[in-house]
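Down below is the structure, laid out as structure tokens.
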Amino acid sequence: MIKLDNICKYYQTDRMETQALRNIDMDIQQGEFVSIMGPSGCGKSSLLNIIGLLDEPSEGQILFDGEEIQFKRDKELAQVRNQKIGFIFQSFHLINDLKVVDNVELPLLYRKIKASERRRMALEILDKVGLSARSSHFPSQLSGGQQQRVAVARALVGKPALLLADEPTGNLDSQMGNEVMTILENLNSDDNTTIIMVTHDKSLAERTTRIERIFDGRLIH
Amino acid sequence: MFKGYIYLTWKMLLRDKTFTAISLFGISLTLCVLITISAVFDNYLFHDGPEKTNNNFLLVRNVIFEAPEQNFKSGKPGYIFFHQILKKLKEPQLTSAYEGGLKNITFVDDKKYTHSYCYTDANYWKILDFDFIHGRAFSSMEFEQGSKLAVISVSTARDLFQEEQVIGKIIQVHNQQYQVIGVVKDVSSYEPVASFDIWVPYTTYPSLQYRNSFDGDWSALLYHEDKKKLPAMKSEYTSVLKNNFEPIGPWFSAEGIAETKYDRLGLTLYSSHYREADASSFVKYSLFYAFLIMLLPTVNLVNLNISRIMERSSEIGLRKALGASRNQLLFQFIVENIFLTVIGCLFGVLLSVLIIDHLAGIGFVRSAPISFNLRCVAYALVWSLLFGVLSGVLPAYRMSRLHPVIALKKEKI
Ligand SMILES: Nc1ncnc2c1ncn2[C@@H]1O[C@H](COP(=O)(O)OP(=O)(O)OP(=O)(O)O)[C@@H](O)[C@H]1O
Ligand SMILES: [Mg+2]
């Protein structure tokens, strides 16, 4: 479903140019659970951001379901992100002023869905991650693991075909990380959702269907 | 979605109370000034009584007469001036003269009533749009014949007769008896050309002395049904005074303007010197100043808003990742800002009601009180919307273009 074709990413800073990604080719099929590993600073997040259409590659192109992505068209880009992609971040990124259920509803705000239907969908997905009892709490009232499960629910509520997770368990202890990982595994096997996950944890990576390693901006095989 | 934005804004405002207080203070003060200015303008320019025709007439109420050796007299013109100069103007369709503000004292059952009365002609009723409850105005014929007929306001009728239907009854004005032929609705004092209690034909003056005086206590109206003709009327009057003035008595020249409603506002607020030829420009300047007044707090609010971007950048990054387009974010932040200004507007309205009340109390504006009316609420809304958009667009634009990856790197939401 995703094809990366010779992706390069340079960051231009004051005096020097950082080559974060060099000539990345990658082909990811529907239903794969890919983990991306590599040392710090090797370009994992940069790659994930480009796959998530949050950042534009310096060179190369991305095909999404066979179509080339035009990074200049903000509205279309936003639509693809909204309908096809779900994000999970290392540091949860929940809006503290909103209740759990309102946080989960956020992606649906950018679709034409009635408020009552949004609420129903959010509650349903919260049930799936085992947090239906917490729906009217505020994020600050939850544990880290619970917060990340809210973030997972938010990523899933729009039923995206692709889930991107940048170190989703990085801020969690191993037990809570395991809970989140189990949700992702079930999602992959039950709903056939494609997942790309960046992780430093070898044992988690081994539970996925494919491991990609990056070193210094290059894929190594 | 809309409700969600408002809710989030509300939370935001509560979270950063200092920011909120400073913003709201600035906004409400600015809006208060603007609303007060609007109220003053409104009270002068828009009427719903007889002077609602004020787009169609000019008022002549002050002339500077000059005599040799730098003697001059500034004041209202007299009957001769009206007859020899104003009546001969070619541009106006109708001219009318009146002498108003005279006091008539009546005792009814030992109670003393003071009513203002006005000597005028038949055209006065055609130029101004009085609302007759009973009866009618006096006609040109009755005016020419010097018929002793009177139009009175409804509260005068109640004062004198304890009822409103008083057609045919006799009243005493300046020691003469007049028959009431019309009762009109009361006129608010915002409309000084029309706000009297009793009107009688000036052909019923007790003596004919008034016909000999060049200066006096008269005002005149120059009317045209097409308001586009007002500038022509105005310049004809000015040029007649300048070029065709025939010396009369000690006066060898005269100067003055026929005032539009804007002139009247400008002269009242700004200067009584009729040598300031075009007082309308004052009104334009005032609008310009209103704009300047708004500019400073706008810049201020823009700044505050931009510094708030930094605080919220991770929310922006998140929303982008979840699929918000730039335009949707732009919309969100403008809505937020308008919400903020509307709250500020509420305070501004309260503040300006107090200020307007106070200004009216101390007589800040000569010769006409100001008041807060429903239209002022409308002005307040328009101003705050304008202000909200002006101060919101730039920060919102900048926010909406933040790079999502960079925005997301900020930890706090
Ligand atoms: N906005 C940026 N400007 C300049 N350089 C950047 C920027 N973002 C990333 N880099 C550089 O690009 C390289 C790759 O960064 P990236 O964040 O992709 O690494 P990573 O593999 O995710 O590391 P980590 O495991 O620590 O999260 C690094 O050398 C980093 O310094
Ligand atoms: Mg990273």
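The values are calculated or read from the model by the stated rules, or taken from the named source; none is laboratory data. Quantities reported herein were computed from a predicted structural model and do not represent experimental measurements. Glycine also receives a Cβ, built like all others from the backbone with ideal geometry; neighbour counts cover every protein chain displayed. Surface accessibility is based on the protein's heavy atoms, side chains included, excluding ligands, DNA and RNA. Shrake-Rupley method; radii C 1.70, N 1.55, O 1.52, S 1.80 Å.
Remarks
- B:L29 passes every criterion in (1) crowded, with 20+ Cβ neighbours inside 10 Å; (2) touching a Pro at 6+ places or on another chain (Cβ under 8 Å) apart from (1).
- Condition met for B:D131 (closer than 21 Å to B:T53 by Cα and open to solvent by 10 Å² or more (accessible area, probe 1.4 Å)): yes
- Qualifying residue in the stretch A:28-43 (condition: out of contact with any Pro (no Cβ under 7 Å at 6 or more places or on another chain) and within 14 Å of chain B (Cβ to nearest Cβ)): yes
- Residue satisfying condition, being within 16 Å of ligand 1 (Cβ to nearest atom), within 14 Å of chain B (Cβ to nearest Cβ) and touching a residue at least 12 places away in the same chain (Cβ under 8 Å), within set A:N103, A:N171: A:N171
- Candidates A:Q141, A:Q147, filtered to the one that is open to solvent by 10 Å² or more (accessible area, probe 1.4 Å) and away from every other protein chain (no Cβ under 14 Å): A:Q141
- Test: residue in the stretch A:74-86 that is away from ligand 2 (no atom under 16 Å from the Cβ), in contact (Cβ under 8 Å) with a residue 40 or more places away in the chain and surrounded by fewer than 17 Cβ atoms within 10 Å (Cβ to Cβ): yes
Residue by residue, here is whether (1) more than 13 Å from chain A (Cβ to nearest Cβ); (2) open to solvent by 20 Å² or more (accessible area, probe 1.4 Å); (3) free of Cβ contacts under 8 Å to residues at least 24 places away in the same chain; (4) assigned to a helix (DSSP H, G or I) holds:
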residue	(1), (2), (3), (4)
B:F372	yes, yes, no, no
B:C376	yes, no, no, yes
B:W383	yes, yes, no, yes
B:F387	yes, no, no, yes
B:G392	yes, no, no, yes
B:P395	yes, no, no, yes
B:R398	yes, yes, no, yes
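For (1) outside any loop (DSSP other than H, G, I, E, B); (2) among the hydroxyl-bearing types (S, T, Y); (3) in contact with a strand residue (DSSP E or B) (Cβ under 8 Å, 6 or more places away or on another chain), each residue gets a yes or a no:
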residue	(1), (2), (3)
B:D186	no, no, yes
B:E191	no, no, no
B:S207	no, yes, no
B:A220	yes, no, yes
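- Among the candidates A:R81, A:R120, the residue that is more than 10 Å from chain B (Cβ to nearest Cβ), farther than 22 Å from A:M181 by Cα and among the basic types (K, R) is uniquely A:R120.
- A single entry from B:A324, B:A290 fulfils the requirement of being at pLDDT 75 or above and in contact with a Leu (Cβ under 9 Å, 6 or more places away or on another chain): B:A324.
- Any hit, the stretch B:21-28, residues being among the hydrophobic types (A, V, I, L, M, F, W, C) and closer than 30 Å to B:Y262 by Cα: yes
- When each of A:I88, A:I95 is tested for being touching a strand residue (DSSP E or B) at 6+ places or on another chain (Cβ under 8 Å), closer than 26 Å to A:P139 by Cα and within 12 Å of chain B (Cβ to nearest Cβ), the lone residue that passes is A:I88.
- Of all residues assigned to the stretch A:108-131, at least one qualifies as being among the small types (G, A, S) and touching a residue at least 24 places away in the same chain (Cβ under 8 Å).
- Only strands (runs of 3 or more DSSP E) whose full extent lies in the stretch A:1-72 are considered here, and the ones with at least 3 residues that are open to solvent by 10 Å² or more (accessible area, probe 1.4 Å) and within 13 Å of ligand 1 (Cβ to nearest atom) are A:2-12, A:17-28.
- So A:A165, is it closer than 16 Å to A:Q90 by Cβ and within 16 Å of ligand 2 (Cβ to nearest atom): yes
- When the residues of the stretch A:122-134 are filtered to those that are more than 17 Å from A:D190 (Cβ to Cβ), open to solvent by 20 Å² or more (accessible area, probe 1.4 Å) and not basic (K, R), the one that is farthest from the chain's Cα centre (by Cα) is A:A133.
- Residue that is nearest to A:Q90 (Cα to Cα) [pool: residues in the stretch A:2-61 that are within 16 Å of ligand 2 (Cβ to nearest atom) and of a type in the set (D, E, K, R)]: A:K44
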